[in-house]
Amino acid sequence: MSLTDERSSNFGLSLSSLRALSRSRLFPIIACTISATSIADCAAQSYPSKVVRIVVPVAAGGPTDILARAVAQKLTEAWNQQVVVDTRPGGGSNIGFEIVAKSAPDGYTLLMAQPALTVNVSLYKNLAYDPVRDFAPISLATTHPLLLLAHPSVPVHNVKELVTLAKAKPGQLNIGSAGNGTTPHLAAAWFNTVAGVRITHVPYKGASLAVIDLLGGHTDLSFASPTAVITYIRDNRLKPLAMTTPTRYHLLPELPTFVESGYPEFVVMGWYGLLAPAGTPREIISRINADTNKALATNDMKERLNALGEDPVGTSPEQFSAWIKDEVTRWAKVVKAAGAKVD
C-alpha cells in the first residue's frame, strides 16, 4: 500500500484528505485538535469566521454609533471579515445591554457601551444584567469631558457667577439634559448638590433635542458632550462656562475646569468602551483588544475622533475592568447624594 493511500491509524484521514482540509476554513480547528491545543486556542485561531456585530444601545447617529462604526470599519479591514453595527435603543440603554449580556460568549456579539452601563445599576430596580458580572471588558476606547453651557441671554460667564445667580433665583433657572438617568442629568443633579443651588431639570428624549431647545433659548443651561456643541460654541451661539474633566480640554484650552472653579470633587468623564458577554474565551478577548487598540492608535482614527471631541485611549481588559468597577461605585454615591430618580 502506498503512503498516499495509507490511512492514519489515529485520525482516519488520508494525506490527500488533509491536503484538501488545509485549503478549507475548517483546517485551523482540526489542526488544533490534532496537536492537542486547547479549545480556547482553537477558537482564537479561527476567529472570526463569520459576521461580528457591535450592539449600540442608543439611537443611530449619535457619538456612540459614530464611534462603533469607525471601530467596525477598522476591524473589518484587519480581519477580512464583516463587522456590523446593530443599534438597539430603548429603556435607558438597558435593552441593548441585556441583549449582549444574554448573547453567546463566543466573540460574535460585542457592545459599545457608554456611562449608562455603570449608572443604571443605581437608578433602576431589577435589572436583567449586572454591569460587572455579566460582561467581559475589552478596551476603554475613548474619553471626553462634559461642558456646562449657557444660552447667551443668561447673564453669567463662569461657574462663580452662575452659582450667585442661581442662589438669588432658586428654581427659576432650568437645565436641559438628554433624558432622565443620562450622564448630563446626573451631572446637573450633582452640581445642585455640591454648589448648594436649585436649578430645575428639564429632561429631553435625546441630546440633540436638548441642544436645540438650548439654542432657541427655551432652556438656560445644559451639560453636553463636545461632539454635540463644539460648532455652536465656535459660532458664539452657546456660551461654555466650565468643563468636567480634571484638566483642560485640547479643543477648548481657554475654558476652565470645575476643579479650577472651586469644585475639586466635581469630575465627570464621558467614555465609550468595547465589551463582550462574560465567559468569552480569554484568547478571543485578547485578539479583539489588540486589534481595537491598534485601530485607535492609527493617525486617521486619532484625527477623526479628535475632530468629534473624543480622546482615543485603548487599555488592557484589566484596566477597563477596574475603570468600570470604579465608575459603578462612584455613580452610586452620586445618585444617592443627589437623590436622582428615573421617572
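The values are calculated or read from the model by the stated rules, or taken from the named source; none is laboratory data. Values in this document were obtained by computation on a predicted structure and should not be read as measured data. Glycine also receives a Cβ, built like all others from the backbone with ideal geometry; neighbour counts cover every protein chain displayed.
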Output the qualifying pairs, or none if there are none: Cβ atoms under 9 angstrom, residues six or more apart or on different chains, first residue in the stretch 82-94 and farther than 26 Å from residue 342 by Cα, second residue among the charged types (D, E, K, R) and assigned to a helix (DSSP H, G or I).
-> 83/74; 85/65; 85/69
Test: residue in the stretch 66-89 that is closer than 19 Å to residue 178 by Cβ, assigned by TED's automatic domain parsing to the domain that holds residue 319 and surrounded by fewer than 17 Cβ atoms within 10 Å (Cβ to Cβ) | no
Selection count where residues are out of contact with any Ser or Thr (no Cβ under 9 Å at 6 or more places or on another chain), β-branched (Val, Ile, Thr) and more than 16 Å from residue 71 (Cα to Cα), scope the stretch 298-328 | 0
Which residue pairs have Cβ atoms closer than 6 Å, lie 6 or more positions apart in sequence or on different chains, and pair a first residue in the stretch 141-164 that is under 30 Å from residue 291 (Cα atoms) with a second residue that is assigned to a strand (DSSP E or B) and β-branched (Val, Ile, Thr)?
-> none
Determine the pairs where a residue that is under 19 Å from residue 311 (Cβ atoms), located within the stretch 249-267, has a partner that is of a type in the set (Gly, Ala, Ser) and at pLDDT 95 or above with Cβ atoms under 6 Å apart, the partner being 6 or more residues away or on another chain.
-> 256/242; 258/242
Within the stretch 173-195, can you find the residues that are under 21 Å from residue 154 (Cα atoms), outside any helix (DSSP H, G or I) and at pLDDT below 95?
-> 177, 178
3 or more residues in the same structural domain as residue 120 (by TED's automatic domain parsing) and closer than 18 Å to residue 223 by Cβ: qualifying helices (runs of 4 or more DSSP H) within the stretch 244-343 = 317-338
For the stretch 52-97, what are the residues that are farther than 24 Å from residue 123 by Cβ, at pLDDT 95 or above and outside any helix (DSSP H, G or I)?
-> 52, 53, 54, 80, 81, 82, 83, 84, 85, 86
